[in-house]
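Written out below as structure tokens is the structure these notes cover.
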Amino acid sequence: MSPSLPDQTPAPPRWNRLRMIENPALRYGLLCLGVVYIIWSIGVLEINWHRISTGIPRAGNMFVRMVPPDFTRWSLLVKGVLESVQMALAASFFGMLLAIPLGICGAVNLVPKPVYFVARTLIILSRTFHEIIIAIFFVKIFGFGPLAGVLTLIVASTSFISKMIAEDIENMTPGQLEAIRATGASFPQLLLYCISPNVLPRFLGVSIYRLDANVRHSTVVGIVGAGGIGQVLAATFSRYDYDFSLAILMAIVSLVFLGEFFSSWVRGYLR
């Protein structure tokens, strides 16, 4: 009879709470400072509670006047929606084209340092300002209309996609680039046989995502006069035409839903 072996059942794993700051005094001290700062921030914002109390009934009156939605001016509604879609498609297409050279020049492992710094500066500057600020800038230059909106979305698309391209190239393993360079390949051959297979799937996915974002943003930049259905919406609110405003809002929601479904379908197809 063989001797019995001792019980070697491993002990169950012990769960330890993860803390970013191990020192409890420092942790709770920073928490108290954060709470005090939030309370102080609310105090200095000079929130007018009287205006809030009087604004709530006005909001109720506005919502009552929105129902039922007015679709009688459907031609103006369709024109605005189509204009927003055209703006999103045009901006996505040109943004994809411009993002390729800018993203390549923004990868430190591909280009000389001066070129890298110039490209990165352009990417950072274009990503610094919100689309609304850029739209105001283009509206002041080119006037009201979809041209300002298209240029705004092109800037936003180019900066977003080029940043993703540059980071994907920089995250490549150095051995891949060194192996292609060791064969004596030229720079275009390096892009074709090494960079493109690694970056293309991500590039297409990010571009489709940006198209979906441009559909949403095209309805926002119009509020400042940059064309699209957003410009029609801003005009209806200024005229207190709330029933038509609700019809436009419903059209915007439907447009965003369709863009989301299309984006999900294309991303699933690319997988």
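The values are calculated or read from the model by the stated rules, or taken from the named source; none is laboratory data. Here the structure is a predicted model, which means the values were calculated and not measured. All Cβ positions, even for glycine, are placed from backbone atoms using ideal geometry, and neighbour counts span all protein chains on display.
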Exercise. Among the listed residues 38, 56, 52, 104, which satisfies the condition of being at pLDDT 85 or above, assigned to a helix (DSSP H, G or I) and closer than 30 Å to residue 217 by Cα?
Worked result: 104
Seminar exercise, completed: So, first residue closer than 17 Å to residue 168 by Cα and surrounded by fewer than 18 Cβ atoms within 10 Å (Cβ to Cβ) in region 96-120, second residue at pLDDT 90 or above and among the hydroxyl-bearing types (Ser, Thr, Tyr), Cβ within less than 6 Å, six or more apart or across chains; the pairs are 98/158
Seminar exercise, completed: In the set 235, 166, the lone residue that is assigned by TED's automatic domain parsing to the domain that holds residue 88, farther than 20 Å from residue 89 by Cα and modelled with pLDDT under 85 is 235
Seminar exercise, completed: The lone condition residue 151 fails out of (1) over 16 Å from residue 197 (Cα atoms); (2) modelled with pLDDT under 85; (3) aliphatic (A, V, I, L, M) is (2)
Exercise. What helices (runs of 4 or more DSSP H), lying completely within region 154-271, carry at least 3 residues that are closer than 26 Å to residue 137 by Cα and either touching a residue at least 12 places away in the same chain (Cβ under 8 Å) or touching a strand residue (DSSP E or B) at 6+ places or on another chain (Cβ under 7 Å) (or both)?
Worked result: 196-221, 229-238, 242-270
Problem set entry | Residues of region 74-95 that turn out to be over 17 Å from residue 254 (Cα atoms) and either loosely packed, with under 11 Cβ neighbours inside 10 Å or not assigned by TED's automatic domain parsing to the domain that holds residue 221 (or both), as a count | 0
